[in-house]
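Since the structure comes first, as structure tokens, the remarks are kept for the end.
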Amino acid sequence: MSLVSPVAAEVDATGAFKRKPSSFRNWISREAGAKFPPEANRYHLYVSLACPWAHRTLITRAIKGLAHVISYSVVHWRMFERGWTFDEGPGVIPDSVNNASAMRDLYHIAEPNYDGRYTVPVLWDKTLKTIVNNESSEIIRMLSSEFNEFAKNPSLEIYPEDLRHDIDTWNDMIYPNINDGVYRCGFARSQGAYEEAFDKLFSALDTVDGHLATNRYLVGKNFTEADIRLFTTLVRFDPVYFGHFKCNLRRIIDYPNLYNYLKELYQMPHVKDTVDFQHIKGHYYESHKHVNPTGIVPKGPAIDLDSPHDRARLEGAPVSLPEQA
């Protein structure tokens, strides 16, 4: 999934926001004869530091220890008529592979007649000069499982086979109600659609907070992809979604278990290095003119995610990560 401003085609007759599916769904595989085999320095990630979906891929790349074999570029946080661009700005990493000026250029290199959305993240094949995949949930699984011969942390498995049922159950609840739920609040075009999404969002947050009272991670003592997928929404919630998307019943800091859980994940080695609040706040408040016409970016809130957390009281332990990603 990818971060985009809502368009008419993504709002239904009731005023509810309905996200369109991703378009490129190829798979990197170690199987003999695979079109996209895992190789060092063959693949490149295109991401936005603002986008929660793209953020998943950066975290997985970092904690698996794949920075030395998978390069990446970062788009500008502002997204207007040209979509995601590589315009100069703090934190922007230009496209060193195709010298594209905008993400749309890459989509048309891969498919000249492409007429869909120009989204991030994108996993690019430098050898075949095409897009492998632009669905974040699939990219993180490829990064987790298919590059172990190159990874500095090959033993870390975020989607282990014996836990997949539980992981999928959490993903199926969290994605529509929390990950996409904040967008369904913010991009709703009717009061009824907004209130329905709002109620589901906070019901889901209450459920997760209650679960985390006695479980260190979503799947008990095991850190998994479900935690990564939830983290990228939680870390944006108080700075952006609470005000910008009108998700204002409670902040994450008001949930004792969710807030401490958020701090533990943020403090894991390499994770905080993937968080850029300037890009996050700048994107939402400057790009979504239909939500924030003035483009003014709030200075707050003051949140100390480096303060001590209480998660060590529960069974489980932080994942063992390489010293350098």
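The values are calculated or read from the model by the stated rules, or taken from the named source; none is laboratory data. The model shown is predicted, which means the values in this text are computed figures rather than measured ones. Every residue, glycine as well, gets a Cβ built from its backbone with ideal geometry; the counts of neighbours run over all protein chains shown. Each accessible area value is taken on the protein alone, full model and side chains, heavy atoms only, with ligands, DNA and RNA left out. Shrake-Rupley method; radii C 1.70, N 1.55, O 1.52, S 1.80 Å.
For region 200-210, which positions are surrounded by 16 or more Cβ atoms within 10 Å (Cβ to Cβ) and either free of Cβ contacts under 8 Å to residues at least 40 places away in the same chain or not in a helix (DSSP H, G or I) (or both)?
If the condition is that a residue be surrounded by 16 or more Cβ atoms within 10 Å (Cβ to Cβ) and either free of Cβ contacts under 8 Å to residues at least 40 places away in the same chain or not in a helix (DSSP H, G or I) (or both), then Lys200, Ala204 are the ones that fit.
Check Phe277 against each of (1) closer than 14 Å to Leu205 by Cβ; (2) free of Cβ contacts under 8 Å to residues at least 40 places away in the same chain and name the one condition it does not meet.
With respect to (1) closer than 14 Å to Leu205 by Cβ; (2) free of Cβ contacts under 8 Å to residues at least 40 places away in the same chain, Phe277 is out only on (1).
Taking the condition closer than 23 Å to Gly65 by Cα and either among the acidic types (Asp, Glu) or part of a loop (DSSP other than H, G, I, E, B) (or both), does Asn215 pass?
No: the conditions fail for Asn215.
Working only within region 301-322, note down all residues that are open to solvent by less than 50 Å² (accessible area, probe 1.4 Å), touching a residue at least 60 places away in the same chain (Cβ under 8 Å) and on the phi < 0 side of the Ramachandran plot.
Leu305, Arg311, Leu314, Val319, Leu321, Pro322
Just checking, which of Ile178, Ile174, Ile167, Ile139 is closer than 20 Å to Ser71 by Cβ and at pLDDT 95 or above?
Ile139
Among the residues of region 70-91, which ones are in a loop (DSSP other than H, G, I, E, B) and buried (at least 19 other Cβ atoms within 10 Å of the Cβ)?
Val75, His76, Trp77, Met79, Trp84, Phe86
Determine which single condition Asp95 fails, assuming it passes every other condition in (1) in a strand (DSSP E or B); (2) within 22 Å of Gly116 (Cβ to Cβ).
Going through (1) in a strand (DSSP E or B); (2) within 22 Å of Gly116 (Cβ to Cβ) one by one, Asp95 breaks only (1).
Taking only pairs six or more apart or across chains, which ones have beta-carbon atoms under 6 Å, a first residue in region 140-154 that is within 19 Å of His55 (Cβ to Cβ), and a second residue that is in a helix (DSSP H, G or I) and open to solvent by 10 Å² or more (accessible area, probe 1.4 Å)?
Going by the 6 Å Cβ cut-off, the qualifying pairs are Leu143/Arg61.
Taking into account only those residues within region 1-51 that are open to solvent by 10 Å² or more (accessible area, probe 1.4 Å) and in a strand (DSSP E or B), which is modelled with the highest pLDDT?
Looking at residues that are open to solvent by 10 Å² or more (accessible area, probe 1.4 Å) and in a strand (DSSP E or B), I get Arg25.
Suppose we filter Leu128, Leu156 for residues that are of a type in the set (A, V, I, L, M, F, W, C), farther than 15 Å from Leu66 by Cβ and open to solvent by 10 Å² or more (accessible area, probe 1.4 Å); which single one remains?
Only one candidate qualifies: Leu128.
Which of the residues that make up region 159-199 are aromatic (Phe, Trp, Tyr), touching a Leu at 6+ places or on another chain (Cβ under 8 Å) and either within 20 Å of Ser136 (Cα to Cα) or open to solvent by 70 Å² or more (accessible area, probe 1.4 Å) (or both)?
Within region 159-199, just Trp170 meets the criteria.
With respect to Gly300, determine if the residue is in a helix (DSSP H, G or I), within 18 Å of Phe237 (Cα to Cα) and small (Gly, Ala, Ser).
When the stated conditions are applied, Gly300 does not pass them.
Within region 138-147, track down each residue that is in contact with a helix residue (DSSP H, G or I) (Cβ under 8 Å, 6 or more places away or on another chain) and of a type outside the set (Lys, Arg).
Ile139, Ile140, Leu143, Ser144, Phe147
Among the residues of region 277-291 satisfying the criterion of being open to solvent by 30 Å² or more (accessible area, probe 1.4 Å) and assigned to a loop (DSSP other than H, G, I, E, B), which is nearest to Phe242 (Cα to Cα)?
The residue in question is Val291.
Looking only at residues in region 218-260 that are in contact with a strand residue (DSSP E or B) (Cβ under 9 Å, 6 or more places away or on another chain) and part of a helix (DSSP H, G or I), which one is farthest from Pro318 (Cα to Cα)?
Ala226
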